[in-house]
Every structure is written in C-alpha cells, then in structure tokens.
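To start, the structure under review is shown below, and the notes come after it.
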Amino acid sequence: MSAEELVEAGFGEAGITDYEQIDLTGYEERTGVVLVDFICYRFFYESDGLQIEGFLSAPRELLETGEELPCVFFEHGGNRDYGALEPLEICYYAYQLDTLCIASNYRGCGRSEGQDEFGGADVRDVVRLLDICEEFGYIDAGRMNLMGVSRGGMMVYEVLREDSRIQKAVVVAGLADCFMSYGEREDMRQVFTELVGGSPEELSGEYEKRSATCWAEELDTPLLIFHTTGDVKVPLEQAEALVEKLQEYKKDYEFITFDSDQHADLRKEDIERIRAWLDLEGK
C-alpha cells in the first residue's frame, strides 16, 4: 500500500470530514529542500460541532514500512490568523524530526471555524485530534508526543494537565504564566482582553487555567523546555518560574537555555536533542 493510500484509508476509518493532498512542488522551489520523499495533507475534523483544519506530513518511506509510527503533534503560536499554520510548517517539522507530524489550526485560526479563546475551549480541539489519530492504524498510540512553540507551549501544558496519553512533550519559548504576559507586554493586553474576556483582576480564574505555573504539580509527562535568554516576546523569567515549580515537585524535565534574542530560536543540536528526547532515533 502506498503512503497516500495508507493515509487516506486512515482518514476514512477515523471519520475525517474532508481532506486534500498538498502539492509540495512549489514549496521545494521556495525552500530549496527536496520534499519529493514527503507527503502532506490538509484535512478537516469536527470538534464541538466546529470544522477544524488539520495537517499531516511524514516521510513517505516511514509510512510504507507498514509499522506503527511515533507521532509528534505540533501546537502553533500566535492567535487567530496571526501564527496560523500553513502546510510548509508541518513539512518542516516532519523533515527536521524525520517522523510523522500532525497539527491543527485551533478554532478561529486559519480555515477553522469558531472563535479563538487563547487556551480556553480551543484546547479541546487538540484533545479531539488525539482521539481521532488514535484510530489511524499507522500511529503507535503509546508514542504520541506533543511539541509547542510560544502560545503553543501554553496549549501543550493545558493538554498535559487533562490528558495522560502523551508519552513526552517539548516546549519552545512557551507561554507559562499569563499573569506575567499581561503585565510584561502592552500589545498582549488587547489580545487577552479580546480572547480571554478581560484583565487578570477581572478574570483571575481564566488566567490561572492558562498558566502552568499555577498548577505545575499536575504536570506528570516528561518535559523538555527550551528558552533563549533574550526572548522579549515570552521572557526567560516565565520558563524559569515554571522550572522552579517543576523542580519543587520533583517532576521529570530538562531545561535548556542559550544566548539569543530570537523568539523560539533553536540550534541544530537542539533538533537532535529533541529527536533523542522523543525517542525518534532509529525509528
């Protein structure tokens, strides 16, 4: 069975509502990366009655082995259409990690229906995607991993708090304390006001729900956390505050930081570290 036939059969069994294969030719010209050995699909699934846009990308040869594969679920940053995923991003992570990658645009992002709640009901879109992908015969349900960047880090923490199916997780420049973000960045105050509904003083419970520093004792999934020293979008202090709590509660984590002023920056050796952390070596 070809990689395409395998994916499409899985989509049918899992009840994906619609899908299309992405032509990667144009992306090869833009990036200089040869993607002929990769496949990429856009698909849609239902979450709380909304149609949610998802993406799947993988090395063709891995799928065609017929073996159950580890999977990385990628959680994107930004809000609404700012930061919404495009197919190339999922291909990038499938290429860099040499594994099967799946992601969704949370409600109100990209082509997904609904309203972005910035870590509210949209977290259920991620959990629903896990439910669906457990039915794909080519995914090893015991090796499902999460990786999130920026706002996606917040999404990872929230999913881990309520779902025990994740083997391991990686967070890059992750939002870990919304109280701090509201106070640190004037431009984020409007985002919180519009998507969460008010200020921390008005909606303390909503900010706590989105802040892993408030419930770090509930994070039992092994975590690999990256954060640069000069990140101004999500300052290092947020990661340090969470790591202090993880250490206090004796959680399984690794924390890697290095000098850079780039938000969500990763070095070549960090990609290799992620592969090793997620047990992707030799898969």
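The values are calculated or read from the model by the stated rules, or taken from the named source; none is laboratory data. Only a predicted model underlies this, so the values are computations on that prediction, with no experimental measurement involved. Don't worry about glycine lacking a Cβ; one is built from the backbone with ideal geometry, like all the others, and counts go over all protein chains shown. Keep in mind that these areas ignore ligands, DNA and RNA; they rest on the heavy atoms of the full protein, side chains included. Shrake-Rupley method; radii C 1.70, N 1.55, O 1.52, S 1.80 Å.
Worth a mention:
- Hey, Arg111 under 16 Å from Arg42 (Cβ atoms) and either out of contact with any strand residue (DSSP E or B) (no Cβ under 8 Å at 6 or more places or on another chain) or at pLDDT 95 or above (or both) or not: yes
- Selected residue (criterion: most open to solvent (accessible area, probe 1.4 Å)) from residues of segment 117-140 that are free of Cβ contacts under 8 Å to residues at least 40 places away in the same chain and of a type in the set (A, V, I, L, M, F, W, C): Val127
- Flag if Phe136 is touching an Asp or Glu at 6+ places or on another chain (Cβ under 9 Å) and under 24 Å from Ala3 (Cα atoms): yes
- Answer from Arg107, Arg128 - the residue that is in a helix (DSSP H, G or I) and among the charged types (D, E, K, R): Arg128
- Hey, Tyr82 open to solvent by less than 10 Å² (accessible area, probe 1.4 Å) and out of contact with any strand residue (DSSP E or B) (no Cβ under 6 Å at 6 or more places or on another chain) or not: no
- Restricting attention to segment 256-283, the residues that are closer than 19 Å to Ile166 by Cα, touching a strand residue (DSSP E or B) at 6+ places or on another chain (Cβ under 6 Å) and open to solvent by 60 Å² or more (accessible area, probe 1.4 Å) add up to 1.
- Selected residue [assigned to a helix (DSSP H, G or I), more than 30 Å from Tyr95 (Cβ to Cβ) and hydrophobic (A, V, I, L, M, F, W, C)] from Leu242, Leu246: Leu246
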